[in-house]
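Comments concern the structure below.
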Amino acid sequence: MTFELRTYNAAAGKMGALLERFRTHTTRLFPNHGIQAIGYWISDEDPDTLIYLVRHEGDPESNWEGFKTDPRWVAARAASVANGELTDNISSLYLTATDFSPLGPAQ
């Protein structure tokens with residue numbers, strides 16, 4: 001099981017639209033592609049930064065490929081960026097839980 005920590009830096013004035021896209025579309029499509037949301041946070045230090053943690057069932061790259069090509073996501077993304085991109089930067093870090101982690105292999 002692989003975890004992924006993702007950080008999105010919203011473009012100027014676009015955090016509300018980014019959160020709405022997650023709320024309305026992204027989170028609803030994840031389960032269809034082997035992606036389970038663990039949690040979402042907004043940085044206390046930078047309110048234009050969204051950080052979230054997901055758990056992947058199977059291969060993360062395959063999960064993302066299926067998600068990115070899902071016609072529902074393609075349409076939702078296209079509509080959400082009609083007036084400009086919602087993010088300036090996206091970073092990702094894959095993580096493997098230790099054997100003593102509450103989210104570890106035995107879970």
Query raised in the report: Of the residues that sit in the range 1-13 and are crowded, with 18+ Cβ neighbours inside 10 Å and within 11 Å of the chain's Cα centre (by Cα), which one is farthest from THR96 (Cα to Cα)?
Result: TYR8
Query raised in the report: Name the residues in the range 34-51 that are open to solvent by less than 30 Å² (accessible area, probe 1.4 Å) and under 22 Å from ALA75 (Cβ atoms), would you?
Result: GLY34, ILE35, LEU50
Query - Members of the range 14-65 that are part of a helix (DSSP H, G or I), small (Gly, Ala, Ser) and within 25 Å of LEU103 (Cα to Cα) - result: SER62
Query - Lone qualifier among ALA76, ALA97 - being part of a helix (DSSP H, G or I), buried (at least 16 other Cβ atoms within 10 Å of the Cβ) and over 11 Å from the mean Cα position of the chain (by Cα) - result: ALA76
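The values are calculated or read from the model by the stated rules, or taken from the named source; none is laboratory data. Note that the structure is predicted; figures quoted are calculated from it, not measured. For neighbour counting, all protein chains shown are included, and Cβ atoms are generated from backbone atoms with ideal geometry for every residue, glycine included. For accessibility, only protein heavy atoms count, side chains too; no ligands or nucleic acids. Shrake-Rupley method; radii C 1.70, N 1.55, O 1.52, S 1.80 Å.
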